[in-house]
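Written out below as structure tokens is the structure these notes cover.
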Amino acid sequence: MVTQPDPAESSGLVLSCLGVRRGIGFLSLVLPIVLILGNRWWDGGGIRGSISDYYFTVMRDYFVGTMCAMGVLLVSYRYRRQDNYLSNAVAVFAIGVALFPTTARSTNPTAAQTLVGYVHLACATLFFLGMAYFSLFQFTRTEPGLIPTAQKRQRNAVCRVCGIAIVACLALVVVTNLVFTNHVRDQVHPVFWLESIAVWAFSVSWLVKGEFLFLRD
């Protein structure tokens with residue numbers, strides 16, 4: 001005997017999925033802004049070299065809490081099986097970013113601190129690449145047999161631009177670290193701004209997929 005799905009249950013699952021997407025979108029949207037304003041308000045500090053450098057400021061708890069919250073939301077994200085595998089992996093990377101701090105530039109790190117810094121760098125890179133994959137491939141799929149509407153194509157275009165922006169920012173981070181001197185990086189903070197653009201890019205893609213921006217047809 002084949003039973004029909006409960007419409008109320010299906011609706012609840014859809015709303016839950018949309019809520020997770022919007023939660024990830026809003027958390028990432030405000031992260032760089034709150035780090036800058038909070039650090040200036042409570043400590044009078046300026047912009048740091050990277051988002052991860054705020055671990056060593058009064059905004060440590062907010063940074064760690066936000067990354068862990070995104071990890072929890074990603075773990076709870078349930079859609080298709082492929083999405084679930086990817087979201088679980090990216091959740092691990094997000095929590096890894098929070099629990100394994102970057103290496104502080106102002107100190108002479110021990111071998112253990114340097115190793116932790118490399119783990120942090122790997123987690124951060126994989127986190128951004130995972131978010132780029134969501135934007136480029138997962139969020140742009142169309143159900144088999146369906147023809148994408150004009151609005152769906154518009155949403156896909158936005159998500160693809162966001163994914164390309166994330167990858168481009170990661171590449172530019174490498175370039176600036178190779179080309180710019182420490183003095184220039186301390187004055188301009190290119191890594192922080194490139195990371196912030198990447199964070200805002202995947203924020204937009206999650207808000208689009210969460211139907212907060214460019215609502216469904």
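Would you call Phe137 assigned to a helix (DSSP H, G or I), more than 24 Å from Arg185 (Cβ to Cβ) and among the aromatic types (Phe, Trp, Tyr)? Yes.
Checking each residue in the stretch 98-110 for being modelled with pLDDT of 90 or more and either open to solvent by 90 Å² or more (accessible area, probe 1.4 Å) or of a type in the set (A, V, I, L, M) (or both) picks out Ala98, Leu99. Listed by first and then second residue, the pairs linking a residue in the stretch 127-150 that is free of Cβ contacts under 8 Å to residues at least 12 places away in the same chain to a residue that is open to solvent by less than 10 Å² (accessible area, probe 1.4 Å) and assigned to a loop (DSSP other than H, G, I, E, B), with Cβ atoms under 9 Å apart and 6 or more places separating them unless they lie on different chains, form an empty list. All of Ile51, Ile147, Ile95 fail the test of being under 26 Å from Val208 (Cα atoms), out of contact with any His (no Cβ under 9 Å at 6 or more places or on another chain) and open to solvent by less than 40 Å² (accessible area, probe 1.4 Å), apart from Ile51.
Here is the figure for the stretch 107-125: residues that are assigned to a loop (DSSP other than H, G, I, E, B) and either farther than 17 Å from Asp53 by Cβ or touching a residue at least 24 places away in the same chain (Cβ under 8 Å) (or both) total 1. In the stretch 162-180, the count of residues that are in a loop (DSSP other than H, G, I, E, B) and either within 13 Å of Ile51 (Cβ to Cβ) or open to solvent by 30 Å² or more (accessible area, probe 1.4 Å) (or both) is one or more.
Given the condition over 13 Å from the mean Cα position of the chain (by Cα), surrounded by 12 or more Cβ atoms within 10 Å (Cβ to Cβ), among the β-branched types (Val, Ile, Thr) and over 22 Å from Val204 (Cα atoms), answer yes or no: does some residue in the stretch 125-140 qualify?
Initial filter on the stretch 125-140 (over 13 Å from the mean Cα position of the chain (by Cα)): 136-140.
If we keep only those that are surrounded by 12 or more Cβ atoms within 10 Å (Cβ to Cβ) too, we end up with 136-140.
Next cut, among the β-branched types (Val, Ile, Thr) only: 140.
Checking the rest, the ones that are also over 22 Å from Val204 (Cα atoms) come to none.
No - not one qualifying residue is present in the stretch 125-140.
Scanning the stretch 15-48 for residues that are more than 25 Å from Glu211 (Cα to Cα), crowded, with 16+ Cβ neighbours inside 10 Å and among the basic types (Lys, Arg) returns a single hit, Arg48. Tallying residues that are part of a loop (DSSP other than H, G, I, E, B) and open to solvent by 30 Å² or more (accessible area, probe 1.4 Å) within the stretch 54-92 yields 4. When the stretch 199-217 is limited to residues that are of a type in the set (Gly, Ala, Ser) and modelled with pLDDT of 95 or more, the one that is surrounded by the most Cβ atoms within 10 Å (Cβ to Cβ) turns out to be Ser205. Working only within the stretch 181-198, note down all residues that are open to solvent by 30 Å² or more (accessible area, probe 1.4 Å) and either assigned to a helix (DSSP H, G or I) or closer than 23 Å to Leu213 by Cα (or both). Within the stretch 181-198, Asn182, His183, Val184, Arg185, Asp186, Gln187, Val188, Trp193, Glu195, Ile197 meet the criteria.
Assess whether Arg155 counts as being within 24 Å of Leu136 (Cβ to Cβ), touching a residue at least 12 places away in the same chain (Cβ under 8 Å) and open to solvent by less than 80 Å² (accessible area, probe 1.4 Å). Give the steps one after another, and end with the answer.
Numbers: within 24 Å of Leu136 (Cβ to Cβ): yes; touching a residue at least 12 places away in the same chain (Cβ under 8 Å): yes; open to solvent by less than 80 Å² (accessible area, probe 1.4 Å): yes.
Answer is yes for this residue.
Scan the stretch 162-217 for residues that are polar (S, T, N, Q) and free of Cβ contacts under 8 Å to residues at least 40 places away in the same chain and report the count. Before you say what the answer is, go through the steps one by one.
Narrowing the stretch 162-217 to residues polar (S, T, N, Q): 176-177, 181-182, 187, 196, 203, 205.
From the residues that got through so far, the ones that are free of Cβ contacts under 8 Å to residues at least 40 places away in the same chain too are 176-177, 181-182, 187.
Counting residues in the stretch 162-217 that are polar (S, T, N, Q) and free of Cβ contacts under 8 Å to residues at least 40 places away in the same chain gives 5.
The values are calculated or read from the model by the stated rules, or taken from the named source; none is laboratory data. Computed from a predicted model, the values in this text were never measured in an experiment. Don't worry about glycine lacking a Cβ; one is built from the backbone with ideal geometry, like all the others, and counts go over all protein chains shown. What goes into the accessible areas is simple: the full protein's heavy atoms, side chains included, and nothing from ligands, DNA or RNA. Shrake-Rupley method; radii C 1.70, N 1.55, O 1.52, S 1.80 Å.
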